[in-house]
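Comments concern the structure below.
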């Protein structure tokens, strides 16, 4: 009887551990990609110019604003503002998109399927073979984004020229094998897993550090076109219209405590 209870307890603990691991894995895989643009989609201001950016979430998607004053305006006109964000993300991330078939269907691009479809899921740009793949992507985005990440790492690793971590400044091999992450469809190599949180805390700043030193032939694509698409119809909230919630001395800058 005692042996039976022991076996039941072991089985329960094993199942519990497996469930916990699955939940953790799903949470990790399903984590939304951070906002990689360096401007506020409401005002068009550079993030950080008015203190630490304000992070808001819309339908599980992270958006960064220059100040609290933009929060109300964002929620009031989220649809049109997000459309501009999508256009900016396509301009920023498309130049770094890897060659190959559609990550959803596995079919080659073009041909009978017509021109590839530009699509933004969360804050990630994907090139799909057809609009029909959008529905399949939404069923299991983590699965297809993981495939895309693998392809990006494989394609960009060979031409990655930085030998230091963009977060800590340490040599990439200082703590063993480098830890690879994908940010805005670009490979970012870190000295350790602990640096991932820092990268996600200020993605635009760390992407800027890649410059031409990431992977050859794609450096110029980063950031292009994501200034013009924001704030065109928010003149009253532009540079001169920030008086109501302008620069405050109390705003703290970005902490860099790594």
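Summary of computed values
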| item | result |
| --- | --- |
| Qualifying residue in region 173-182 (condition: touching a residue at least 12 places away in the same chain (Cβ under 8 Å), assigned to a loop (DSSP other than H, G, I, E, B) and within 21 Å of the chain's Cα centre (by Cα)) | yes |
| Among (1) in contact with a strand residue (DSSP E or B) (Cβ under 8 Å, 6 or more places away or on another chain); (2) under 28 Å from residue 138 (Cβ atoms), the one test that residue 77 misses | (1) |
| Matching residues, region 129-164, being touching a helix residue (DSSP H, G or I) at 6+ places or on another chain (Cβ under 6 Å) and within 22 Å of residue 210 (Cα to Cα) | 161, 162 |
| Hey, residue 154 over 28 Å from residue 63 (Cα atoms), under 19 Å from the mean Cα position of the chain (by Cα) and exposed (fewer than 14 other Cβ atoms within 10 Å of the Cβ) or not | yes |
| The lone exception for residue 210 - which of (1) in a loop (DSSP other than H, G, I, E, B); (2) modelled with pLDDT under 95 it fails | (1) |
| Candidates 243, 252, filtered to the one that is modelled with pLDDT under 50, within 30 Å of residue 72 (Cα to Cα) and not in a loop (DSSP other than H, G, I, E, B) | 243 |
| Tally, over region 39-53, of residues that are touching a helix residue (DSSP H, G or I) at 6+ places or on another chain (Cβ under 6 Å) and either over 19 Å from residue 208 (Cβ atoms) or assigned to a strand (DSSP E or B) (or both) | 2 |
| Identity of the residue in region 69-89, over 22 Å from the mean Cα position of the chain (by Cα) and in contact (Cβ under 8 Å) with a residue 12 or more places away in the chain, that ends up surrounded by the most Cβ atoms within 10 Å (Cβ to Cβ) | 69 |
| Qualifying residue in region 132-139 (condition: in contact with a strand residue (DSSP E or B) (Cβ under 8 Å, 6 or more places away or on another chain) and touching a residue at least 24 places away in the same chain (Cβ under 8 Å)) | yes |
| Matching residues, region 165-179, being loosely packed, with under 12 Cβ neighbours inside 10 Å and under 20 Å from residue 205 (Cα atoms) | 169 |
| Complete set of residues in region 90-137 that are loosely packed, with under 14 Cβ neighbours inside 10 Å and in a loop (DSSP other than H, G, I, E, B) | 99, 101, 106, 108, 110, 114, 115, 131 |
| Criterion violated by residue 233 - all others in (1) part of a loop (DSSP other than H, G, I, E, B); (2) modelled with pLDDT of 55 or more satisfied | (2) |
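The values are calculated or read from the model by the stated rules, or taken from the named source; none is laboratory data. As the structure is a prediction and not an experimental result, all values here were calculated from the model. Glycine also receives a Cβ, built like all others from the backbone with ideal geometry; neighbour counts cover every protein chain displayed.
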